[in-house]
Amino acid sequence: MNPAPNLVLVGPMGAGKTSIGKRLAERFGLAFADADREIEAHTGTTVATIFECEGEAGFRARERATLAELLAGHGQLVATGGGAVLDADNRRLLRTRGYVVYLHVDVAGQLRRLERDHTRPLLQRDDREDVLRQMAAAREPLYAEVADLCFDTIDMDPVDAAARLASLLDERWQRGAAA
């Protein structure tokens, strides 16, 4: 068992971090926080608008501050944005303040799940598959680096995935005391 004050979900867009995360939070009696939604609540605008006005670097700075704020607490399930692992400080924080689950999905699964989604700034292009492959190549090693547990969500709906993952977490995650 790996004690940690928070449960954290990382993985690519479309892996199910929010949909599975909400179910897990309810199952374990944790407060649910979606890092991207927290950023939007703090700024009063969308992630897409932040990308448009401040670029990816501006968004990543906001993401870093939001994750630090969220993970300073305890008893939470935090669903990160897909790119949160790109920052070394974020990776260090995730490892020290959370039991990290890497929700894996392949590019074909992402394309199916994100087919109708036009809200993600990094996918507002015609070459979605190429973009997702490039992101996977860069990010998968970082997800694996921070993960206490890797869980494949391919061919699973959020209800089944959450139930299976909850069983694994019962065996492997021990809630750490508040810091």
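The values are calculated or read from the model by the stated rules, or taken from the named source; none is laboratory data. Computed from a predicted model, the values in this text were never measured in an experiment. Cβ coordinates were reconstructed from backbone atoms using ideal geometry, including for glycine residues, and neighbour counts include every protein chain displayed.
Data table
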quantity	calculated
Pick from segment 6-43, criterion of a type in the set (Lys, Arg) and more than 15 Å from residue 82 (Cβ to Cβ), ranking: surrounded by the most Cβ atoms within 10 Å (Cβ to Cβ)	23
Subset of segment 20-64 (residues that are in contact with a strand residue (DSSP E or B) (Cβ under 9 Å, 6 or more places away or on another chain) and not in a helix (DSSP H, G or I))	30, 31, 32, 33, 34
Qualifying position, being within 24 Å of residue 23 (Cα to Cα) and either assigned to a strand (DSSP E or B) or among the acidic types (Asp, Glu) (or both), among 103, 70, 111	103
Only listed residue being surrounded by fewer than 18 Cβ atoms within 10 Å (Cβ to Cβ) and either closer than 17 Å to residue 168 by Cα or in contact with a helix residue (DSSP H, G or I) (Cβ under 7 Å, 6 or more places away or on another chain) (or both), chosen from 46, 80	46
Exclusive hit being at pLDDT 85 or above, of a type in the set (A, V, I, L, M, F, W, C) and touching a Ser or Thr at 6+ places or on another chain (Cβ under 6 Å), set 105, 101, 146, 159	105
Candidates 96, 66 - the one that is of a type in the set (Val, Ile, Thr) and more than 15 Å from the chain's Cα centre (by Cα)	96
